Amino acid sequence: MSDDTDFPTEIEREALAALEAALPRVTPPGDLFDRILAEVRPEATVIPLHRKSQRRFVVPAASALAAVAAVALIAVVAFGGDGPGPADARAAIAGKSDPAVKGEAVLYGSTADGGTVRVSLRDVPAAPSGHHYEVWVLRRDAGGEMEAVGSFTPTSTDVELDLPLPGPGDYAAVDVSVEENGGPPAHSDTSLAGGTFS
């Protein structure tokens with residue numbers, strides 16, 4: 001919705017009509033509302049990777065909530081709620097600096113542009129004071145150089161993240177590092193947890 005009115009603009013009406021025409025008519029599952037609420041509730045505060053230049057966009061709360069709900073609904077209808085298509089590979093995540101941490105990383109569309117990695121973590125401790133966690137991926141042909149895909153500061157012990165991959169590739173591993181706020185962009189060499197894709 002536009003910022004100055006509660007009614008959809010002509011462009012918004014056309015976009016909604018095109019979206020409605022493109023999607024098949026299906027009966028939503030009975031637990032759809034609960035699933036949308038689960039997607040809307042934040043589980044972690046995400047810190048942008050580009051620390052030096054940040055653009056901030058002000059979006060009215062109602063519009064933001066409606067947009068998130070619409071995206072969640074489209075994902076449920078188009079993908080059956082299981083994820084963004086078939087998984088390319090999975091990695092069991094085990095704790096390193098904290099053995100209690102566990103979870104899973106799943107690659108989607110990793111051999112083409114627009115791929116993502118879904119990271120699910122359990123028993124995540126609060127980040128040390130002045131620090132945050134950063135998610136890295138390693139391509140098999142990268143010569144050991146990991147690439148950062150996202151940062152977060154957990155607000156609960158369970159963390160769910162969908163992060164864009166840096167490009168197409170054959171990914172070998174995932175790692176969650178402990179990084180100093182405002183520190184250098186390189187991996188700190190301190191890993192909270194990690195795993196190997198298979």
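Quick note: the coordinates plus some simple rules give every number you see, no bench work behind them. This one's a predicted model, so the numbers in the text were calculated from it and none came from an experiment. Cβ: placed from backbone, ideal geometry, glycine included. Neighbour counts: every protein chain shown.
For the range 133-172, what value does the Rg/Rh ratio take when both radii are computed over Cα atoms and Rh is the Kirkwood radius, given to two decimals? Kindly include the intermediate steps, with their values, before the conclusion.
On the way: Rg = 11.8 Å, Rh = 11.4 Å.
For the range 133-172, the value is 1.04.
Filter the trypsin sites (Lys or Arg not before Pro) in the range 118-184 down to the DSSP loop ones having no more than 12 other Cβ atoms within 10 Å, then list what survives. Each step should come with its number before you reach the end.
On the way: sites: 118, 122, 139, 140; in loops: 140.
Qualifying residues, ordered by number: 140.
For the range 87-196, what is Rg from Cα atoms divided by 2.2 N^0.38 Å, rounded to two decimals? Show your work: numbers first, answer last.
Details: Rg = 13.0 Å, N = 110, 2.2 N^0.38 = 13.1 Å.
So the range 87-196 has a normalised radius of gyration of 0.99.
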